[in-house]
Amino acid sequence: MSEDATQDERTEAVAVLIRRGAYRDAVEVAAELLGGELGRFCMALLGDQGAALAALEEVLTGFYEAMPSLEDQPLRPFLYGRALAVCERVLEARGEAAHGEALSLTPPGTRRLPQDAAQAQRDAREIRVALAGLKPNERTAALLRYTAALDYAPLSQLCGTDTATAKKRIGKALLAVRKRAQEGASE
């Protein structure tokens with residue numbers, strides 16, 4: 001069975017648990033399924049592990065509280081939307097814009113081999129520099145696309161824009177990352 005099929009089955013299991021009123025179990029399965037990704041996403045936006053953990057806890061608590069009204073809302077966009085809102089609120093309280101300390105723009109499930117660790121650190125450094133130079137809305141769109149693996153429709157909803165604008169923001173982010181990578185390679 002493929003990893004995607006297993007993830008789809010577990011996502012459906014969360015929906016079934018919610019319909020049954022087994023909210024704690026639904027939070028547990030959702031946290032096991034997406035907790036790591038959500039934590040990395042919050043870390044990418046906040047740049048602070050403690051703040052990211054607190055944000056993740058708030059996201060999961062909000063998920064629990066919202067369950068009676070969730071109906072059949074897709075799990076991944078809902079949780080990432082909550083995470084984005086929580087992180088934006090934390091950053092606003094700090095007086096900052098989302099600065100993106102993302103380790104990579106590789107989709108979830110993509111793994112690096114151990115011998116690639118040094119290169120991964122160099123890549124991460126270059127990506128952080130490139131992301132820091134982006135407008136906050138471009139950075140957020142890229143992080144949602146590549147860390148949350150969201151399709152353009154839910155991504156554009158979370159960004160509060162149309163699909164074409166979301167694609168444009170992601171394109172600009174990727175161009176900046178590529179340009180920075182080429183500059184880094186020539187140094």
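The values are calculated or read from the model by the stated rules, or taken from the named source; none is laboratory data. On a predicted model such as this, the values are computed, not experimentally measured, just so you know. All Cβ positions, even for glycine, are placed from backbone atoms using ideal geometry, and neighbour counts span all protein chains on display.
Could you figure out which of (1) in a helix (DSSP H, G or I); (2) under 18 Å from residue 42 (Cα atoms) isn't true of residue 153?
(2)
Do the conditions hold for residue 4, that is, is it charged (D, E, K, R), more than 30 Å from residue 133 (Cα to Cα) and at pLDDT below 90? First the steps, then the outcome.
Details: charged (D, E, K, R): yes; more than 30 Å from residue 133 (Cα to Cα): yes; at pLDDT below 90: yes.
Judged against the criteria, residue 4 is a match.
Could you check region 144-160 and list, in sequence order, the residues that are without any contact (Cβ under 8 Å) to a residue 12 or more places away in the chain and either buried (at least 22 other Cβ atoms within 10 Å of the Cβ) or of a type outside the set (A, V, I, L, M, F, W, C) (or both)? Steps first, please.
So the first thing to find is which residues in region 144-160 are without any contact (Cβ under 8 Å) to a residue 12 or more places away in the chain, and the list is 151, 153, 156, 160.
151, 156, 160, listed by residue number.
In the list 40, 24, which residue meets the criterion of being touching a helix residue (DSSP H, G or I) at 6+ places or on another chain (Cβ under 8 Å), more than 21 Å from residue 157 (Cβ to Cβ), among the charged types (D, E, K, R) and touching a residue at least 60 places away in the same chain (Cβ under 8 Å)?
Details: 24 fails: touching a residue at least 60 places away in the same chain (Cβ under 8 Å).
Testing whether each residue is touching a helix residue (DSSP H, G or I) at 6+ places or on another chain (Cβ under 8 Å), more than 21 Å from residue 157 (Cβ to Cβ), among the charged types (D, E, K, R) and touching a residue at least 60 places away in the same chain (Cβ under 8 Å) leaves just 40.
Identify, by number, the condition in (1) at pLDDT 70 or above; (2) surrounded by fewer than 19 Cβ atoms within 10 Å (Cβ to Cβ); (3) not assigned by TED's automatic domain parsing to the domain that holds residue 41 that residue 187 doesn't meet.
Result: residue 187 fails condition (1) only.
What are the pairs, 6+ residues apart or on separate chains, where a residue within region 59-88 that is in the same structural domain as residue 28 (by TED's automatic domain parsing) has its Cβ under 6 Å from a residue that is among the aliphatic types (A, V, I, L, M) and part of a loop (DSSP other than H, G, I, E, B)?
Taking only residues 6 or more apart or on different chains, the pairs are 80/148.
Would you confirm whether or not region 23-44 contains a residue that is exposed (fewer than 14 other Cβ atoms within 10 Å of the Cβ) and more than 19 Å from the chain's Cα centre (by Cα)?
Within region 23-44, the subset exposed (fewer than 14 other Cβ atoms within 10 Å of the Cβ) is 24, 32, 36.
Now drop any that are not more than 19 Å from the chain's Cα centre (by Cα), which leaves 24.
The answer is yes; a qualifying residue exists.
Test residue 30 against the criterion of being modelled with pLDDT of 90 or more, outside any loop (DSSP other than H, G, I, E, B) and either in contact with a Pro (Cβ under 9 Å, 6 or more places away or on another chain) or under 19 Å from residue 77 (Cβ atoms) (or both), and give yes or no.
Working: modelled with pLDDT of 90 or more: yes; outside any loop (DSSP other than H, G, I, E, B): yes; either in contact with a Pro (Cβ under 9 Å, 6 or more places away or on another chain) or under 19 Å from residue 77 (Cβ atoms) (or both): yes.
Here the answer is yes, as residue 30 does meet what is asked.
Does at least one position in region 131-138 carry a residue that is modelled with pLDDT under 75 and of a type outside the set (Phe, Trp, Tyr)?
Within region 131-138, one or more residues are modelled with pLDDT under 75 and of a type outside the set (Phe, Trp, Tyr).
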